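Below: one structure, written as structure tokens.
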Amino acid sequence: MKASQKILSLVAGMFALGGTALHAEPVHPDEVVYEDWLVTESLSGEPGDAERGYEVYTSRSQGNCIACHSITALLEDVQWHGTVGPSLDGVGARWEEADLRGIVANAKNLYPDTIMPAFYKSSGFIRPGQRFTMQPAEEPLEPILSAQQIEDVVAYLLTLTEYPE
Ligand code: HEC
């Protein structure tokens, strides 16, 4: 190997290392940039996966969105749908990705009095009571969903572009 080639491969190696070091870090819940309710930047830095998003949506231990919302296409698979929130049929046609990411992360920016929980928030709660003691829980709290789970459920919502009869 000639000296110039050696230097080239050394430089290439450094870039490869730099690439790993820059590997996407999730945005901390306190550092999410909201423009009104919009969040344009991915929270995890990775694309969302709609199949995993379906799990987040339907699973009681994750988003449990189904407790408050219904989706016609799921009625056959999942028995019980809540009606506290609006139907999410066609939600992927009504809203863009940045809107949905912002609504799921913290719906209170768009609907100040909503009962929909902020799924990506760790501080600024009004006295979240600690179980049994009634002492305020210590902030920061873990957000309900991870950055990637938010991206996944948003990817799933974006597939809901139809308004069934
Ligand atoms: C405790 C009930 C509740 C839960 C749980 C809940 N939501 Fe909501 N959601 C609402 C309500 C109520 C609204 C309507 C806003 C308002 O007026 O309060 C809403 C609005 C929305 C909207 C805007 C709908 C539109 O048509 O404009 C989206 C999108 C949404 N929710 C997604 C979700 C997702 C995804 C989850 C789960 C990660 C979820 N919601 C969990 C109650 C809930």
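Quick rundown of the values:
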item	result
Meets criteria (without any contact (Cβ under 8 Å) to a residue 12 or more places away in the chain and open to solvent by 50 Å² or more (accessible area, probe 1.4 Å)) for GLU31	yes
Selection count where residues are within 14 Å of the ligand (Cβ to nearest atom) and farther than 20 Å from LEU110 by Cβ, scope the range 27-47	0
Test set (1) without any contact (Cβ under 8 Å) to a residue 60 or more places away in the chain; (2) open to solvent by less than 90 Å² (accessible area, probe 1.4 Å); (3) part of a loop (DSSP other than H, G, I, E, B); (4) within 15 Å of the ligand (Cβ to nearest atom) - ALA24 fails condition number	(4)
Helices (runs of 4 or more DSSP H) fully within the range 59-165 counting 3 or more residues that are of a type in the set (A, V, I, L, M) and either surrounded by fewer than 16 Cβ atoms within 10 Å (Cβ to Cβ) or touching a His at 6+ places or on another chain (Cβ under 6 Å) (or both)	none
Any hit, the range 116-125, residues being free of Cβ contacts under 8 Å to residues at least 24 places away in the same chain, touching a strand residue (DSSP E or B) at 6+ places or on another chain (Cβ under 9 Å) and away from the ligand (no atom under 15 Å from the Cβ)	yes
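The values are calculated or read from the model by the stated rules, or taken from the named source; none is laboratory data. This structure is a prediction, so every number in the text was calculated from the model and none was measured. Note that we place each Cβ from the backbone using ideal geometry, even for glycine, and neighbour counts take in every protein chain shown. Quick note on the areas: whole protein, heavy atoms, side chains included, nothing else; ligands and nucleic acids left out. Shrake-Rupley method; radii C 1.70, N 1.55, O 1.52, S 1.80 Å.
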